[in-house]
Amino acid sequence: MTFIQMTLSDASVALEKKEVSSLELLDSTLKRVDQVNPKLNAFLRTDADAARVQARALDAERSRGKVRSPLHGIPMAHKDMFYRTGVASSCGARVSRPIPTVTSTALSRLDAAGALQFGVLNMAEFAFGPTGHNWSVGHCRNPWNTDRITGGSSSGAASSIAARANFAALGSDTGASIRLPAAICGVTGLKTTYGRVSRAGAMGLSFTLDTIGPLARSAMDCGLIMNAIAGPDPSDSTTWQTKSTDFVAGINQSVRGLRVGVPSNYFYDGVDAEINAALQESLKALRDLGCVLVPIELPDMVAADAAANLITACEAAALHGALIQEQGDLYALQVRLRIERGFAVSGVNYVNALRYRSVAMNEFVNQVFSKVDVIHSPVLSMQTPEIAATDIQSGAEMDRLIAQLTRFTRPFNYLGLPALSLPAGHTSDGMPIAMQLAGRPFGEDVLLRLGHAFQSSTSWHRDLPCSLDLTNPAASTEN
């Protein structure tokens, strides 16, 4: 198996068998970055020298019989919003911000697991944009077609993984920001249950909606990363104070009998015909795996979407108010206008949106998950648009675009539920199509098990973008 073909899980096995070293994986990855990043603008920075020092140290540990986890020696780059002490994070913006004095808990946990960070990735400015446009540091490009959007806000994460220039990345998801770029770029992305992964030391956007999760090449990869990063953290009072799940212990178990809910309302309204056809094929694949498909009517998702949008606007405005007063001219117009809308929302409406949240979540769980184990849906209704056609910074057209891109993802942020985006096909012009699986609170292990079963019976997640030169810069690990 070649470097280009490897998932994170494959690379972990190759390291364990001593078919490749961490340093060799890193050098191959850095060569790949040099090859594709001029076309993609996915990486804001690589730290090659420091990463090579760390790779040698991790290889030395392995030679002494010390292996910290399956992530030991795996090269990763992350969205540029996870802080390290003394290292500037751009958060995708030109706005001047203090140098971090803490390292994010998620990064610290990956460090402890032996993962190797070698760079930071492009993102929508302050994680506030679903297209992946960035008017401050340059737009990120989609490896499947560099004229198309990547989705946002974890644009560089999805683009770099799809281009096989990165094994996995940390992303954030407040309304779509892991699942949407994962779907559009053809990788796997997990939006976690609210409170499952610590947000300490990570840039915030909306305190009551933000979640941290992985983007990677497979569901198994996401499970391995979740084993490292999930769990309670005294530095983040919103994390649930319970022992975390082993996300891969049961990942190979049968999914026979698992009840998959197929919504009869909301999620298929106005869905593109090619996307709908691919989603129907994915349902057939799940049925062939032994899942039971159950038609299900969902509670009011329109209200959940609207409430999440209102909360995001208010909380982003509270977070950025002082910075906009001081450096408003350095914000991209779309980002500033969206934040400033939060200043006009009444406190009563904001509080009511928060108050209704627990009611909505309980209603949803009782009404839906008493009948099914998982909900199946599209990630988005439209085919991937071009960057030029969506280069919109203001007005009603911007609002319509954002609403169309996030309407199938944002409700799950409001409800606090986990959701997994998985590659599930291609449009006639070769762009990825994805399905979304949503589950009960803290049901990530079930989503990953079902996602892994689907990926074990299909090969969409292993497809490579044809728009890039895929000449392998690394030696094969085949004997």
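The values are calculated or read from the model by the stated rules, or taken from the named source; none is laboratory data. Everything numeric in this text was worked out from a predicted model, so none of it was measured. No Cβ is skipped: glycine too gets one built from the backbone with ideal geometry, and neighbour counts run over all protein chains shown. To get the accessible areas, we keep the full protein, side chains included, count just its heavy atoms, and leave off ligands, DNA and RNA. Shrake-Rupley method; radii C 1.70, N 1.55, O 1.52, S 1.80 Å.
Values for this structure:
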{"item": "Trp144, Trp460, reordered so the largest accessible area comes first (probe 1.4 Å)", "result": "Trp460, Trp144"}
{"item": "For the range 214-320: rounded, prolate or oblate by the Cα gyration tensor [a/c cutoff 1.5]", "result": "oblate"}
{"item": "For the range 383-397, 3J(HN,Hα) per residue [Karplus equation, 6.51 cos²θ - 1.76 cosθ + 1.60, θ = phi - 60°, Hz, x = Gly/Pro]", "result": "6, 5, x, 7, 4, 4, 6, 10, 7, 10, 10, 7, x, 5, 5"}
{"item": "Mean Cα-pair separation over length for the range 220-273, i.e. relative contact order, pairs under 8 Å, 6 or more apart, %", "result": "29"}
{"item": "Cα shape, the range 347-479, gyration tensor, a/c 1.5 rule", "result": "oblate"}
{"item": "Surface share of carbon and sulfur [accessible, 1.4 angstrom probe, percent] for the chain", "result": "52"}
{"item": "Trypsin sites (Lys or Arg not before Pro) restricted to the range 25-97 and DSSP loop, no more than 11 other C-beta within 10 Å", "result": "Arg64, Lys66"}
{"item": "Cα Rg over Rh - the range 322-375, Kirkwood", "result": "1.27"}
{"item": "Percentage relative contact order, the range 102-155, counting C-alpha pairs under 8 Å, at least six apart", "result": "32"}
{"item": "Cα-based convex hull volume of the chain per residue, rounded to whole Å³", "result": "134"}
{"item": "CD proxy at 222 nm, helix term only [per DSSP H run n ≥ 4: -39500 (n - 2.57); per residue of the chain; nearest 500]", "result": "-12000 deg cm²/dmol"}
{"item": "Extent along principal axes [Cα atoms of the range 111-173; Å; largest to smallest]", "result": "36, 25, 19"}
{"item": "Debye log10 I(q)/I(0) at q = 0.29 Å⁻¹ for the range 212-274, Cα point scatterers", "result": "-1.16"}
{"item": "Average silhouette area of the range 72-161, convex hull of alpha-carbon atoms, in square nanometres", "result": "6.0"}
{"item": "Directionally averaged shadow of the range 164-234, computed from the convex hull of its alpha-carbon atoms, nm²", "result": "4.8"}
{"item": "Share of alpha-carbon pairs per 5 Å distance bin for the range 142-186, given as whole %", "result": "5, 31, 34, 21, 8, 1"}
{"item": "Relative contact order (percent, whole number), the chain, Cα cutoff 8 Å, 6+ residue spacing", "result": "19"}
{"item": "For the chain: accessible area per residue (Å², 1.4 Å)", "result": "36"}
{"item": "Solvent exposure, largest accessible area first (probe 1.4 Å, DNA, RNA and ligands not counted), of Ile324, Ile74", "result": "Ile324, Ile74"}
